[in-house]
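Shown next, in structure tokens, is the structure this report addresses.
The values are calculated or read from the model by the stated rules, or taken from the named source; none is laboratory data. This structure is a prediction, so every number in the text was calculated from the model and none was measured. All Cβ positions, even for glycine, are placed from backbone atoms using ideal geometry, and neighbour counts span all protein chains on display.
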Amino acid sequence: MFNLHGMIATGIFSVIQGILEIVILVFTDLPTVLNIGLAICALVHIVFGFFAAYGAWHRTSYLLKPFMAMAKSITVACTIAIIFSLCSHINYETAIDNFKLWDRRTHPDDEERKTRIALGLFTAAFATALLISAFHFVFAKKCYRYLKSEEVIAKHRPTPNTLSPPNPNDRLAARMNDRHVIKSNYF
């Protein structure tokens, strides 16, 4: 049997990640572009993480589809971000100009070193987010396939009434459990 509790934990982890992104957004002084990106990521993580946990808990495969789409889109976005940050490492002058466009803070004399550190941190953060989102996608896809196969098996399973003819003792047991019959002089 597939571990659905792991999928529930993954959804809860995604919600916690969204809450942490909101905390980072509120308590740090980041550039505007990063604030907008963090707000969007936080909203997406909270909503789709809830869908994943709720869908795995209630064994409904269709609620895992949005979580899979979110994980796939974050994987693609992180791949593009890693490529851009690596290109910024290579073409450093353009990176400084780009930082000046969206960074409202002033940098001291060691601007090159701080920019290189920031680029390295961005690359590491995007690589970590890429690994997490790839794991989420693979895990959600496995869970989705498991739940789909479970739904197909349940569709083709015969109903209990067609397995055997009704037993007369079942009617007697039903009558004995009925409150009105118990209160009467049945015995």
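Quick notes on this one:
- Condition check for VAL33: free of Cβ contacts under 8 Å to residues at least 40 places away in the same chain and within 28 Å of LEU119 (Cβ to Cβ): no
- Residue in the stretch 66-79 that is modelled with pLDDT under 85, in a helix (DSSP H, G or I), more than 30 Å from the chain's Cα centre (by Cα) and not small (Gly, Ala, Ser) present: no
- A Cβ distance below 8 Å, combined with a sequence gap of six or more or placement on separate chains, defines the contacts here; from the stretch 1-29, residues that are within 14 Å of HIS45 (Cα to Cα) and in a helix (DSSP H, G or I) reach residues that are at pLDDT 85 or above and hydroxyl-bearing (Ser, Thr, Tyr) in the pairs GLY11/TYR54.
- Meets criteria (more than 18 Å from PHE139 (Cβ to Cβ) and surrounded by fewer than 16 Cβ atoms within 10 Å (Cβ to Cβ)) for ASN35: yes
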